[in-house]
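The values are calculated or read from the model by the stated rules, or taken from the named source; none is laboratory data. Note that the structure is a prediction, hence the values are computed from the model and not measured. Cβ atoms come from the backbone with ideal geometry, glycine included; neighbour counts cover every protein chain shown.
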Amino acid sequence: MGAPYQILIREEETLRRVALLEGNTLLEYYQENAETDGVVGTVFLGRVERVLPDVKAAFVKIGLKQNGFLPLKEAESYHQTCGNASLMSGQEILVQAKKAPKGGKGAFLTRDIALPGQYVLLMPCNRFIGLSKRVEDTADRERAKTLGKNIAKDRFGLIVRHAALFASEQEVAEEAETLWTHWLEISGAASCRKAPAVMHTETGMEEVLLRDYSARHDVQTLRELEAWQRFKVADQLKTALNRRVALPDGGSLIIDEREALQTIDVNSGSAVKAEGELSLAAVANLRAVPEIARQIRLRNLSGIILIDFIDMNSEKERQLVLSAMEEAVCDDRVKNVIHGFTRLGMMEMTRKRTGDSLRDLLTDSCSRCCETGRVWRG
């Protein structure tokens with residue numbers, strides 16, 4: 001069981017703020033309001049407006065300001081189950097938003113719908129049985145895969161989550177059956193509705209955080225305004241977007257968010273000394289890793305992330321830093337993939353996009369400086 005977490009809730013007139021902390025340290029922050037809530041994960045009954053074979057996609061009317069973007073090609077497991085029939089203009093289909101609308105782009109949609117639970121992810125439109133990457137032990141993987149097959153019985157697909165390892169088989173099976181029943185209700189109701197219509201919405205962030213972290217942490221929810229002030233959440237948010245982040249040893253991180261990728265530069269501190277066989281550079285990099293992982297998570301950075309660690313001379317030291325980074329991001333509920341070091345010596349990783357970055361959530365582009373700066377909202 002990991003360190004205790006606190007979920008702090010602050011209710012305002014039109015806004016609900018949700019903060020996740022470990023001890024006194026802010027790990028994640030979210031805002032919920034009527035205009036932006038519930039897009040990612042929402043299941044819509046949509047109507048196909050246009051099919052564009054040249055770009056292998058369709059635009060689907062789902063009731064939002066912009067039509068959603070739906071690739072014609074889904075995962076192979078979906079087509080094996082649902083076939084490859086062509087979409088037609090005017091056709092009504094069930095789709096799920098994978099990415100929220102951003103800028104002039106509509107929501108990114110999929111027909112391969114997934115309903116998340118604490119122990120499993122149910123996929124009613126395919127028959128694939130998979131496992132969370134957090135399930136690493138060979139015996140655990142075999143047990144979880146067998147459990148998934150026994151529960152699904154070729155009725156639906158399942159991803160067995162890491163949390164299932166800490167629950168009884170009955171608890172996992174009951175959750176899967178509840179999700180399956182919910183899907184049957186969704187698909188049944190769709191035949192009686194007219195597109196566009198919302199058929200299912202994801203739960204609020206409080207419930208999502210409890211679902212994703214309660215198996216590995218003791219999680220406490222606090223709703224008092226005094227808790228928000230006691231943990232100095234507002235102060236932590238004010239410094240959360242600083243380009244320079246100081247490290248305890250005197251070093252620093254320089255973090256830049258760019259259109260195509262995100263970059264993090266590691267600078268050494270004067271207090272760092274070589275330890276045993278490790279060079280000064282390796283020690284400084286290893287000490288920087290936990291804060292790098294926290295900043296990625298707090299800022300909700302996504303897509304391609306390049307980390308420019310201090311140059312190390314040996315492959316052994318690079319592997320130590322690589323392993324440390326893999327361990328540091330393993331508690332993040334969002335999927336991270338560490339790809340290794342590039343030829344130029346930078347660590348390359350990717351992180352799944354789950355919504356706006358903290359910067360986009362709290363600030364706007366500055367029109368006075370050609371959008372090179374940011375202005376705090378409100």
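Would you confirm, using the coordinates I've provided, whether residue 105 is touching a Leu at 6+ places or on another chain (Cβ under 8 Å) and of a type in the set (Lys, Arg)? Here the answer is no, as residue 105 does not meet what is asked. Would it be correct to say that residue 147 is assigned to a loop (DSSP other than H, G, I, E, B) and more than 21 Å from residue 302 (Cβ to Cβ)? Answer is no for this residue. Within the set 105, 98, the sole residue that is of a type in the set (Lys, Arg), more than 18 Å from the chain's Cα centre (by Cα) and in the same structural domain as residue 173 (by TED's automatic domain parsing) turns out to be 105.
The residue that is surrounded by the fewest Cβ atoms within 10 Å (Cβ to Cβ), among those in the stretch 123-152 that are small (Gly, Ala, Ser) and in contact with a helix residue (DSSP H, G or I) (Cβ under 8 Å, 6 or more places away or on another chain), is 130.
The one condition from (1) in contact (Cβ under 8 Å) with a residue 24 or more places away in the chain; (2) in contact with a strand residue (DSSP E or B) (Cβ under 7 Å, 6 or more places away or on another chain); (3) closer than 13 Å to residue 111 by Cβ; (4) hydrophobic (A, V, I, L, M, F, W, C) that residue 72 does not meet is (1).
For residue 24, the criteria (1) loosely packed, with under 13 Cβ neighbours inside 10 Å; (2) closer than 29 Å to residue 188 by Cβ; (3) touching a residue at least 12 places away in the same chain (Cβ under 8 Å) hold in every case but one, which is (2).
Between 227, 240, 293, the distinction of being closer than 22 Å to residue 348 by Cβ and of a type outside the set (Asp, Glu) belongs to 293 only. Only one of the listed residues (253, 306, 286, 298) is out of contact with any helix residue (DSSP H, G or I) (no Cβ under 8 Å at 6 or more places or on another chain), in the same structural domain as residue 353 (by TED's automatic domain parsing) and modelled with pLDDT of 90 or more. That residue is 306.
With respect to the conditions (1) in a strand (DSSP E or B); (2) β-branched (Val, Ile, Thr); (3) free of Cβ contacts under 8 Å to residues at least 40 places away in the same chain, residue 14 falls short on a single one, namely (1).
Residues that are part of a strand (DSSP E or B) and among the basic types (Lys, Arg) were ranked within the stretch 328-378; the one that is farthest from the chain's Cα centre (by Cα) is 374. Applying the selection to the stretch 61-81, what residues are outside any loop (DSSP other than H, G, I, E, B) and within 17 Å of residue 51 (Cβ to Cβ)? Scanning the stretch 61-81 gives 61, 68, 69, 70, 71, 79. Cβ separations smaller than 7 Å between residues 6+ apart or across chains give the following pairs from the stretch 241-267 residues that are on the phi > 0 side of the Ramachandran plot to residues that are at pLDDT below 95 and assigned to a loop (DSSP other than H, G, I, E, B): 250/269; 250/270; 250/271. Examine the stretch 99-110 for a residue that is at pLDDT 95 or above, among the β-branched types (Val, Ile, Thr) and on the phi < 0 side of the Ramachandran plot, and state whether such a residue exists. For the stretch 99-110, residues at pLDDT 95 or above, among the β-branched types (Val, Ile, Thr) and on the phi < 0 side of the Ramachandran plot: present.
Okay, residues lined up against (1) closer than 26 Å to residue 61 by Cβ; (2) assigned by TED's automatic domain parsing to the domain that holds residue 116; (3) among the charged types (D, E, K, R); (4) touching a helix residue (DSSP H, G or I) at 6+ places or on another chain (Cβ under 6 Å):
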position	(1), (2), (3), (4)
158	no, yes, no, yes
164	no, yes, no, yes
173	no, yes, no, yes
177	no, yes, yes, no
180	no, yes, no, no
190	yes, yes, no, no
193	yes, yes, yes, no
198	yes, yes, no, no
